[in-house]
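Only one structure is covered here, and it is reproduced in the block below.
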Amino acid sequence: MSQLTLEEKAALVSGKDSWYTATIDRLGLAPMMMSDGPSGLRKQLGTPDQTDINESIEAVCFPASALTACSFDREQLNQLGHQLGTAATAEKLGVLLGPGINLKRSPLAGRNFEYFSEDPYLVGELAAAYVKGVQAEGVGVSVKHFAANNRENRRFTSSSNVDERTLRELYLATFEKVVKQANPATIMCSYNAINGTLSSQNRRLLTNILRDEWGFKGLVMSDWGAVADHTAAIKAGLDLEMPGKGDQSVDEIVTAVKNGSLAEADLDRAVSRVLKMIQDWQPADSKQANPYDMEAQHEFARKLATNSFVLLKNENAVLPINKGDKLAVIGELAAHPRYQGSGSSHVNAHRLVTPLETINQVRPDATFVAGYSLTADRIDQAAIAEAVDVAKSADKVIIFAGYPERLESEGFDKTSIDLPANQNQLIEAVSQVNQHVVVVLQNGSAVRTPWADHVAGMLETYLAGEAVGEATWDVLSGKVNPSGKLAETFPLRLEDTPSYLTFDADLQDENYREGLFMGYRYYDKKKQPVQFSFGYGLSYTTFKYTDLQLKVTGDHVSGTVKVKNTGSRSGAEVVQVYVGNRTSQIEKPIKTLANFVKVSLVPGEEKTVSFELDQRAFSWYNPRKADWQVDNGQYDVLIGSSSTDIRLSDTVELDWAPEQQIHIDQSTYIGDLMAQAKFAKAVEQVGLTDVFKKLADDHDPAAKMFRNMPLRAATTMGVTPAKIDKLIEIMNG
Ligand code: BGC
């Protein structure tokens with residue numbers, strides 16, 4: 001620091017270009033490279049065409065986060081982190097730009113495929129495991145996009161207007177957990193504003209909350225192009241502008257320091273964090289990339305996908321496919337699968353294996369027809385007729401359907417969750433001639449499945465990565481028993497979704513009017529039927545839950561539950577633990593996910609699964625106190641195989657909060673006052689026993705009306721102001 005000139009400091013707080021930190025040759029400070037993330041490396045070499053984001057080195061394309069989240073498996077996400085860290089180390093990267101941990105607030109959000117879930121607990125747990133894996137390999141991460149970046153349209157300027165409690169309990173909670181549990185090297189701020197202030201210039205977000213409250217020690221970089229006013233950003237707590245704007249970036253900062261609009265101490269703080277990031281994460285030899293075992297990574301990608309796929313429907317055990325089944329394979333997506341998202345997470349895949357390639361290899365007698373075109377929505381009656389014909393003579397039909405890439409990407413939002421009409425029609429037509437139709441879905445986010453009742457089987461494979469073909473067949477054929485659970489709700493209609501009335505409605509303001517009631521928190525409370533619930537997913541076997549035991553200890557609740565595999569195949573079940581707050585008199589969801597355990601069982605085997613629930617599981621964020629609060633009283637602990645399939649439940653009584661001393665004043669409600677232990681004695685002393693005695697009658701509407709008045713209105717019952725004052729004085733001791 002002491003050897004740097006002002007110009008050099010100014011250079012360091014902006015990227016040298018899109019991927020490198022600045023070079024200070026005079027001091028031997030080499031540039032450090034970063035690359036996307038999060039489902040494989042997108043390392044761009046030389047000076048690629050900036051608009052060709054798909055031009056990058058070859059790398060293994062792992063499943064997108066929309067799919068990996070369905071594994072509900074911390075260990076697998078940790079292993080994914082290790083794999084990515086290994087690749088990034090070999091490629092001499094200092095920082096991997098991921099994971100993305102924003103919540104899926106609306107199924108229309110263009111980037112949902114890159115995010116994990118609608119539930120903050122699930123996101124936080126999986127992302128923390130992933131981050132630990134990457135960083136254990138000596139590569140830093142950039143956890144993005146901080147914060148409340150839940151739509152793509154006008155993402156550079158739109159303001160996410162969110163109330164404090166919702167921010168804390170949902171949109172900030174994912175980042176809070178990852179910061180506190182996994183110590184990420186860097187955080188990437190989002191493009192959008194929050195309640196009117198751009199994230200890149202948001203002091204409350206970048207300094208007060210992130211550093212002062214959560215204790216974050218790493219660096220904050222901007223999302224690419226998110227800096228509107230670099231001086232304001234540095235003051236607010238941003239350390240690195242990405243990418244840099246060359247001389248202009250340097251001039252801006254030098255001028256600001258010289259004219260006093262930026263304190264050199266603020267610049268120094270950012271510079272020191274950039275230097276520390278380079279010191280901590282710069283690979284030892286930053287020149288030569290090393291080979292690594294891409295085939296082993298491909299196999300891991302396959303395994304991760306198979307352990308994440310969600311079996312949505314399996315009527316009459318249509319799956320797994322039997323050895324002798326005569327198969328018809330229908331759908332362009334079998335030959336040209338959607339296996340990854342579009343935009344900055346796009347990977348130049350090492351070895352794509354399509355479903356059709358795999359099926360052709362293992363079942364050469366299977367018939368294939370395209371059925372629809374991916375490039376046009378036109379309904380091709382001839383193609384449908386051909387598919388129907390093929391389906392008629394097949395034992396089982398596998399239709400590959402999904403959301404086309406041209407309609408779903410980073411950078412813009414969707415306008416519909418419907419599959420193209422040519423696919424929906426095809427599915428309807430084929431299911432009329434064959435009772436054994438299985439639809440395999442490839443999509444980045446929840447879609448509508450109006451034909452769900454007409455097909456026998458459904459397998460959600462999201463964007464499964466480069467091993468999509470092998471992984472899909474592994475599950476269809478029963479080599480792997482599916483164990484994934486939906487990490488987002490599939491609504492019946494777009495109109496049913498909690499943010500339907502406001503999402504993308506306004507160019508500038510994105511108003512989070514649904515507040516806390518997002519995802520299953522909304523459907524649960526509204527008793528709104530959905531197509532598939534959060535946490536839902538079938539298996540080729542069945543599980544039985546018994547014997548829930550709960551124990552409240554000093555500062556947490558511990559529990560055990562027995563789970564038995566009651567079917568005839570080995571399988572894994574995700575035991576979901578939800579907490580319902582019966583106590584606090586606040587707006588609240590019916591229940592929220594508070595823990596989960598994935599357990600593998602052979603047929604007939606029973607295991608006792610243990611879990612812990614910490615104080616946060618029972619807390620709500622009280623904006624008045626600017627703190628988390630647990631209230632004394634009863635809470636439900638619910639054990640589910642999904643959020644709507646609760647198998648066992650019990651209640652715990654918590655008394656963790658210090659005894660609340662209620663302060664009585666003129667605004668205290670008479671009903672609340674009457675509930676106090678010392679009330680009877682106090683009214684006696686003031687000579688008001690008779691007046692208040694009448695109010696105890698629950699059958700008298702007038703009594704109920706008076707109880708629902710504050711003390712100051714007791715004058716309407718004929719009580720003098722002097723007596724009210726006296727009563728308050730006595731009650732307050
Ligand atoms: C994306 C980031 C990404 C960056 C670099 C931005 O457009 O929002 O997620 O890391 O580009 O490619």
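The values are calculated or read from the model by the stated rules, or taken from the named source; none is laboratory data. These figures come from a predicted structure and were not determined experimentally. Cβ coordinates were reconstructed from backbone atoms using ideal geometry, including for glycine residues, and neighbour counts include every protein chain displayed. Keep in mind that these areas ignore ligands, DNA and RNA; they rest on the heavy atoms of the full protein, side chains included. Shrake-Rupley method; radii C 1.70, N 1.55, O 1.52, S 1.80 Å.
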Inset, instruction - Give the ranking of MET221, MET1 by solvent-accessible surface, highest area first, calculated with a 1.4 Å probe. - result: MET1, MET221
Legend entry - Solvent exposure of the chain as accessible area per residue, Å², 1.4 Å probe: 39
Legend entry - Anchor LYS726: aspartates and glutamates whose Cα lies under 20 Å away (excluding residues fewer than 8 positions away in-chain): ASP665, ASP672, GLU684, ASP690
Inset, instruction - For the chain, just say rounded, prolate or oblate: build the C-alpha gyration tensor, square-root its eigenvalues into a ≥ b ≥ c, call rounded for a/c under 1.5, and beyond that prolate if a/b exceeds b/c, oblate if not. - result: oblate
Inset, instruction - Show which aspartates and glutamates lie in cross-link reach of LYS258 when reach means a straight Cα distance below 18 angstrom and same-chain residues fewer than eight apart are skipped. - result: GLU7, GLU8, ASP229, ASP247, ASP266, ASP268
Inset, instruction - Would you please classify the overall shape of the range 499-598 from the alpha carbon gyration tensor, given that a ≥ b ≥ c denote the square roots of the eigenvalues, rounded means a/c under 1.5, and beyond that prolate means a/b larger than b/c while oblate covers the rest? - result: oblate
Legend entry - Value at 222 nm in deg cm²/dmol, rounded to 500, when DSSP H runs of n ≥ 4 in the chain each add -39,500 (n - 2.57): -7500 deg cm²/dmol
Legend entry - Cα centre as origin, Lys/Arg/Asp/Glu Cβ charges: the range 543-654 dipole, Debye: 240
Inset, instruction - Using a 1.4 Å probe over the heavy atoms of the protein chains, calculate the carbon and sulfur portion of the accessible area of the chain as a whole percent. - result: 48
Legend entry - Positive-pole candidate from GLN634, GLY559, PRO623, dipole of the range 543-654, charges at beta carbon: GLY559
Inset, instruction - With a/c under 1.5 counting as rounded, go ahead and sort the range 543-654 into rounded, prolate or oblate using the C-alpha gyration tensor (a ≥ b ≥ c being the square roots of the eigenvalues; past the cut-off, prolate if a/b is larger than b/c, else oblate). - result: prolate
Legend entry - THR566 accessible area, assembled protein chains, probe 1.4 Å, Å²: 70
Inset, instruction - Under a cut-off of 24 Å between alpha-carbon atoms, report the lysines in cross-link reach of LYS396, not counting same-chain residues fewer than 8 places apart. - result: LYS313, LYS323, LYS326, LYS479
Inset, instruction - Could you let me know the centre-to-centre spacing of the range 103-127 and the range 356-376, using Cα atoms, in angstrom? - result: 32
Legend entry - Positive dipole terminus of the chain, leading residue within THR644, MET518, THR255 (C-beta point charges): THR644
Legend entry - Residue pairs, from the table LYS678/LYS723; LYS104/LYS485; LYS92/LYS287; LYS16/LYS217, whose Cα atoms sit over 18 Å apart: LYS16/LYS217
Inset, instruction - Just need the relative contact order of the chain here, percent rounded to a whole number, with Cα pairs under 8 Å and 6+ apart. - result: 13
